[in-house]
Amino acid sequence: MWQSSTLENGRSGAHIGKMAREQYESLLKCPMCGRTGLADMSDDKSHKTGDYDTRIESVTQGFEIKGKDVICSVCQVSAL
Ligand SMILES: [Zn+2]
């Protein structure tokens, strides 16, 4: 039976008593110099508003976190 393993898209349905926080990686690419990297992101879901608040936890060397954006530290342009 192929019916029981539909957990792949259980991202929104799972309620395991953890914090409603999701972590993922986002690919970075500078449009100017073509440098690529990764950003560790996390989403905090506000219980009041239901909105997601995205936080950038860390980025590959050569990129900088600037508020909710990631910029190439050489070109100073958004790489998200
Ligand atoms: Zn660059």
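No value in this document is a laboratory result; all are computed from the given coordinates. Just so it is clear, the structure is predicted and the values come from calculations on it, not from any experiment. Quick reminder, even Gly has a Cβ in these numbers, built from the backbone with ideal geometry, and neighbours come from all protein chains shown.
Listed values, structure above:
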| read-out | value |
| --- | --- |
| Label-point separation in nm, residue 55 to residue 26, each point 7 Å along Cα→Cβ | 1.5 |
| Theoretical gain in end-to-end length, residue 77 to residue 40 [0.36 nm per residue, Cα-Cα removed] | 11.5 nm |
| Cβ-based charge dipole, region 20-72, positive-most Cα from 47, 72, 23 | 72 |
| Long-range HN-HN contacts of residue 38 with modeled amide H, under 5 Å | 28, 60 |
| Size of electric dipole in region 20-72: Cβ of Lys, Arg +1 and of Asp, Glu -1, about Cα centre, debye, nearest 20 | 140 |
